[in-house]
Amino acid sequence: MDILKLKIRDIQNLIKRKELSYMELIKEVFKRIEENKDLNAFISLFEEKAIKKAKECDKEFSEMKEVPNLLFGIPIAVKDNIAYAQERLTCASKILKDFVSPYSATAVERLEEKRAIIVGKTNLDEFAMGSSNEFSYFGPCLNPINREYVPGGSSGGSASAVGANIVPVALGSDTGGSVRQPAAFCGVCGLKPTYGRVSRFGLVAFASSLDVIGVFSKYVEDCALVLQTISGYDERDSTSANYPVPNYLPLKSNLEELKVGISKDFFFEEMDTSLIKIYEDFFKLLAKNGVRLYEVSLPTMKYGIYAYHLIATCEASSNLARYDGIRYGLNMEAKDIDEFYKKIRSEGFGKEVKRRIVLGTYGLSKGYYEEYYGIGVKARKIISQDFQRAFERVDIILAPPSPTLPFKLGEKLKDPIKMYLSDILTVPISLAGLPALSIPLKYKIDNFPISIQIIGKPFCEKEILDFAYGIEQL
Ligand code: GLN
């Protein structure tokens with residue numbers, strides 16, 4: 001039996017029956033990491049610490065009758081733009097390659113309170129900017145389904161680690177699709193919660209008005225479990241929502257209860273035709289199973305990618321101004337301060353990050369601000385209103401998470417526009433701040449599972465998870 005293919009609940013059952021120990025579980029994780037080294041899914045590993053923690057969990061459990069909670073002793077991987085105290089926090093950038101975080105992100109702290117075990121930090125596109133994980137200072141991460149292909153991005157390492165059955169769950173971050181798209185490419189579940197549902201404290205800022213910490217898992221239930229733990233108000237993040245967190249578990253299929261929206265406006269011409277056919281089949285399957293489908297109109301979706309790149313680059317240029325090499329990060333010799341800044345930022349940042357800083361700085365500059373950032377913000381508003389209108393008629397909306405199948409390494413590297421277009425189906429949801437979960441379906445093309453994105457109203461993660469659970473059962 002492959003224990004790392006099991007649901008967390010089933011792993012804990014084995015432990016309860018004394019058929020498995022936390023130590024054996026953690027050893028299996030590190031064995032799997034070693035066997036899959038070529039994936040390059042991890043930037044840092046914490047083997048010694050993790051083994052020590054597993055030992056403590058075994059010892060404590062031997063004195064208890066019950067496992068104290070489902071995450072107790074469960075291995076978890078964390079994207080390397082999320083802080084874990086006393087460990088490196090690189091954001092896959094040369095500028096932070098040796099930076100050690102003095103504190104942990106709230107999400108990590110909450111997982112550790114439940115005694116989940118952080119096994120390592122995962123690979124990503126530098127500062128979470130990218131859709132293929134090829135923009136990492138530590139080299140690209142590979143897709144576990146076919147190693148000639150990208151795992152998606154920017155949370156490629158977390159998606160790849162879960163997809164390769166190295167860990168049952170992992171944290172990622174989603175600014176414009178960085179959890180949902182790699183989840184789809186690697187055939188796993190990837191949830192982007194509502195903006196503000198999960199504290200951003202300890203998540204390195206890319207575009208602060210869009211950034212959210214998200215969850216990767218193989219099963220919807222495990223995703224719900226992690227979300228339950230990391231959600232909720234945090235006084236250290238003023239944008240975290242002071243809004244009650246419902247009980248996500250137990251999951252209960254609501255396939256027949258909800259009004260479900262589908263929209264032609266999500267089927268762009270950039271989309272692979274083979275994919276369109278599959279979604280048509282899938283919607284038919286849903287209808288056959290009693291799901292009530294309604295066509296909704298979302299005409300402004302097509303502006304999402306433009307608005308996103310105006311807003312995200314502007315916010316990024318402002319957020320990344322702090323990396324000047326003075327207080328922390330990369331250090332270099334220089335004759336004066338001007339040369340120092342120039343050297344640090346020229347050598348410390350990679351090509352894609354520089355491209356976005358340049359674009360964003362331009363977009364924020366005097367005389368252009370209204371024309372660029374201002375227009376982006378207006379478009380964002382219109383897109384959000386489109387969703388609001390649609391959600392007056394339906395409870396959730398279904399859309400593909402990606403316009404294409406996973407692509408080969410190098411395929412889109414030379415053409416930034418092509419790369420940016422990977423995100424056309426995820427960014428509108430980010431702009432509207434809505435929750436969305438990407439889950440794999442039973443259909444496959446070239447061995448790659450095809451996924452569906454389930455989009456909900458603000459703070460309606462429960463409805464999304466129950467719906468996903470219903471699909472998982474089909
Ligand atoms: N792929 C998108 C980008 O390049 C989204 C990234 C993200 O969500 N962090 O910006």
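Looking at Ile344, is it more than 16 Å from the ligand (Cβ to nearest atom), exposed (fewer than 14 other Cβ atoms within 10 Å of the Cβ) and of a type in the set (Val, Ile, Thr)?
no
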Which pairs do you get when a residue that is of a type in the set (Phe, Trp, Tyr), found in segment 424-452, comes within reach of a residue that is within 16 Å of the ligand (Cβ to nearest atom), reach meaning Cβ atoms under 8 angstrom, with the pair 6+ apart or on two chains? Phe448/Phe185; Phe448/Pro406
Is it true that some residue in segment 117-135 is surrounded by fewer than 24 Cβ atoms within 10 Å (Cβ to Cβ) and under 30 Å from Asn447 (Cα atoms)? yes
All conditions in (1) within 13 Å of the ligand (Cβ to nearest atom); (2) farther than 25 Å from Glu411 by Cβ; (3) of a type in the set (Ser, Thr, Tyr) are true of Ser154 except (2)
Restricted to segment 104-148 and to residues being more than 16 Å from Asn40 (Cα to Cα) and in a strand (DSSP E or B), the residue nearest to the chain's Cα centre (by Cα) is Ile118
Considering only segment 406-428, how many residues are in a loop (DSSP other than H, G, I, E, B), under 14 Å from Val150 (Cα atoms) and under 18 Å from the mean Cα position of the chain (by Cα)? 2
Count, please, the residues in segment 286-345 that happen to be within 24 Å of the chain's Cα centre (by Cα), part of a helix (DSSP H, G or I) and aromatic (Phe, Trp, Tyr). 3
Okay, strands (runs of 3 or more DSSP E) sitting entirely in segment 164-265 with 1 or more residues that are surrounded by fewer than 21 Cβ atoms within 10 Å (Cβ to Cβ) and of a type in the set (Ser, Thr, Tyr), I get none
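Taken together, the values in this text are just the output of simple stated rules run on the coordinates, not laboratory data. Given the structure is predicted, the values throughout are model-derived calculations rather than measurements. Neighbour counts run over all protein chains shown; Cβ positions are idealised from the backbone, glycine included.
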